[in-house]
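Worksheet: one structure, shown below.
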Amino acid sequence: AFLACGALDVRYLYNQIKDYEERNGSNKSTYWLVFELLWREFFYWHYQKVTTRYFSANGLHGELDFSSYETYSVEALSGLSDHPFWRASLNEIAETGFQSNRTRQLFASFWIHELKLHWRSGATFFEDHLIDYDVYSNWGNWMYNSGVGNDPRDRKFNIKRQADIYDKNGRFQNLWLQERLF
């Protein structure tokens, strides 16, 4: 959230991480922090090159298409699927304004491939709900997940397999499925 609102500078944070690594050694966490900062910078500079294509239905491919698309409230989305991952991740974002990077990727995959909703409506949903929303990372990642970005490969995740790997004990789903509004 501090990066998104400009209260924290990417270069400053990068240098702080490198100073920490110099004093304490690098680790998986510092690696992934730098990795995500680089992605953030990539999307910012990529947008400078392709500009409005980030908001075109076809993304980086084909003619520009700024046709309208449907937007969704949390309430409307909650009625689209009873899948536990979907409901848990929807509850999390509705209650906290946050999702982890992995959950965001899986959420986008579910949105696009399972619910068959337009990727731009998902990008708009994140824009409306994430407290750490960043225009370039958000729209760039939604393009990427939908196959209209730099890498046109299919980004459909197997949600059950991902849960088996990253949420073996069902901790995430159990937490966010406890007596929720949706």
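Counting Lys +1, Arg +1, Asp -1, Glu -1, what net charge surrounds K28 among other residues with beta carbon under 13 Å of its beta carbon? Taking every other residue near K28 into account, the sum is -2.
For the range 1-147, relative contact order (Cα pairs under 8 Å, six or more residues apart, normalised by length) works out to 26 percent. In this Cβ point-charge picture (+1 for Lys and Arg, -1 for Asp and Glu), the range 29-182 has a dipole of about 480 debye about its Cα centre. The residue among Y166, H83, A123 whose Cα reaches farthest toward the positive pole of the charge dipole of the range 23-167, with charges on the beta-carbon of Lys, Arg, Asp and Glu, is Y166. Over the chain, dividing the summed -39,500 (n - 2.57) contributions of all DSSP H runs of at least 4 residues by the number of residues returns a 222 nm mean residue ellipticity of -17500 deg cm²/dmol. Ligands, DNA and RNA are left out, and with a 1.4 angstrom probe the accessible area of the range 65-182 is 53 Å² per residue. For the range 20-120, applying the loop criterion from DSSP together with a ceiling of 12 other beta carbons within 10 Å to the chymotrypsin sites (Phe, Trp or Tyr not before Pro) yields F66.
Per residue, the average separation of C-alpha pairs within less than 8 Å and at least 6 apart gives the range 77-182 a relative contact order of 34 percent. Electrostatic bookkeeping for R120 treats Lys and Arg as +1 and Asp and Glu as -1; over the other residues with beta carbon under 13 Å from its beta carbon, the sum is -3.
Placing unit charges on C-beta atoms (Lys and Arg positive, Asp and Glu negative, everything else neutral), compute the dipole magnitude of the range 107-182 about its Cα centre in debye, rounded to 20. The partial results should precede the final answer.
Working: 10 positive and 10 negative charges, 76 e Å.
Using Cβ point charges on Lys, Arg, Asp and Glu, the range 107-182 gives about 360 debye.
Inter-label distance, N101 to V74: 2.5 nm, where each label sits 7 Å from its Cα along the C-beta direction. With just the Cα atoms defining each centre, how far is the range 89-132 from the range 9-55? Give it in Å. Their Cα centres are 22 Å away from one another. In percent, rounded to a whole number, the relative contact order of the range 122-182 is 16, using alpha-carbon pairs under 8 Å and six or more apart. Per atom type, the range 1-92 shows carbon and sulfur on 54% of its accessible surface, probed at 1.4 Å. Among residues other than M143 with Cβ under 11 Å from its Cβ, the summed charge is +2 (Lys and Arg +1, Asp and Glu -1). Extension gain, E127 to N150, is 6.2 nm, computed as 0.36 nm per intervening residue step minus the present C-alpha separation.
The values are calculated or read from the model by the stated rules, or taken from the named source; none is laboratory data. Keep in mind it's a predicted model, so treat the numbers as computed, not measured. Here the Cβ is made from the backbone with ideal geometry for all residues, glycine too, and neighbour counts use every protein chain on show. For the accessible areas, the whole protein counts, side chains as well, though only heavy atoms, and no ligand, DNA or RNA atoms are used. Shrake-Rupley method; radii C 1.70, N 1.55, O 1.52, S 1.80 Å.
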